[in-house]
Every structure is written in C-alpha cells, then in structure tokens.
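Student: Quick one: the structure is below, questions incoming.
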C-alpha cells in the first residue's frame, strides 16, 4: 500500500510554497513589472529578478498548473527533505535555475513562471530516489533528462503553437540545478558518514 506523506512536517512547506505563488500572482501589475525576470534590468544590477521572476504568473491557468505541480512533487519526494529542509532545497533550486538561465541562456530576455523550479525538484527527487535504491528513480531521471535535452537542442515536443511560450531553457537549467543540488547533498552526507 502506498504511504502518502501527510504529516504536518511534509504538508506545511508545500502549502506555504503554494500560497506564496498565489500571493505573487495577486500582486498589482506595477509590482509584477518590478519583479519579473528581465535580462536587461538584471544586467543593470536588479539581481532579485533572477529569483522573483520565477514566482510570478500572469495567467491563472499557468498558476494553477504550477501549484498542482508543487503538490505532485511534494507527494513524490517530500520525504527526502522533511519540514523546512524542503523550503531550503526549493530556494536553492530557484536561485540556481535563475542563475543558469541568466548565464547560459542569453536569448531568454523575459520570463515568469515556476515550471523551471518544478523540473529542478523533479530531477532532485529522482536523484534521491536513486540514492535510496528506488528503481523508478532511474526511469524518472532518464526520461526527464531526455525530454529537456531534446527540447533544448531540437525544439519543443508536440504542437509548436501550444509550446512556443514555454521557457525551454528554464526547464533544461532547472534539471541541471536539481541534479547539482542532489549530488552535493549526497556527497556531503557520504562524507559525514565517513567521519562518524
């Protein structure tokens, strides 16, 4: 029987993250403009946009999809980072994904949305599944890396009209960020075990 992580230590961080995205969505238009990812303004020193742009959504359907994504990722991977460790992981993934897009995707001038971070959480969780010898983790990670690599180098899958607004680079660098954070955590945990 599947055991869902329904204890408070797992539920609260996902609920707070969901409410944070709703809060950012409800901000007035002038604040959306002040917080969105705009490459030219980041280059001028408005570095906060690297993170805050990923918390914004200009359409409620996009917001609902990403909130649903938070809960799917939470159900799949919450036990890898209980309580506020989950929040720390999400913050690290948000920052790394934004930095990856800024440094390595100069063609992306404007961006809002949390999907890059969701891809990062997915990759991070799949790596921890693999560490815990959960075989599905290999399949999840392989499929995810294949999908984002194809889209990054050959273009989006499916109907181009439906996918042209996707920030493919954010998904790609999100996955790289997730793998990076997971490998750092696994390496640190391994070193700590050796010293005990």
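Student: Tell me, please, whether a residue that is touching a strand residue (DSSP E or B) at 6+ places or on another chain (Cβ under 8 Å), under 25 Å from residue 107 (Cα atoms), at pLDDT below 95 and assigned to a helix (DSSP H, G or I) can be found in segment 169-180.
Tutor: yes
Student: Do any helices (runs of 4 or more DSSP H) entirely within segment 17-65 hold 3 or more residues that are more than 18 Å from the chain's Cα centre (by Cα), and if so, which?
Tutor: Helices (runs of 4 or more DSSP H) meeting the threshold: 29-35, 39-43.
Student: Please state which one of 50, 70 is farther than 16 Å from residue 17 by Cβ and either touching a helix residue (DSSP H, G or I) at 6+ places or on another chain (Cβ under 7 Å) or buried (at least 20 other Cβ atoms within 10 Å of the Cβ) (or both).
Tutor: 50
Student: For segment 67-99, give me each residue that is over 24 Å from residue 31 (Cα atoms) and either touching a residue at least 60 places away in the same chain (Cβ under 8 Å) or not in a helix (DSSP H, G or I) (or both).
Tutor: Within segment 67-99, 74, 75, 78, 79, 81, 82, 83, 84, 86, 89 meet the criteria.
Student: Next question, about the same structure. I'd like to verify a number: residues in segment 104-128 that are more than 16 Å from the chain's Cα centre (by Cα) and at pLDDT 95 or above, how many?
Tutor: 0
The values are calculated or read from the model by the stated rules, or taken from the named source; none is laboratory data. Note that the structure is a prediction, hence the values are computed from the model and not measured. Here Cβ is always computed from backbone atoms with ideal geometry, including for glycine, and neighbour counts include all displayed protein chains.
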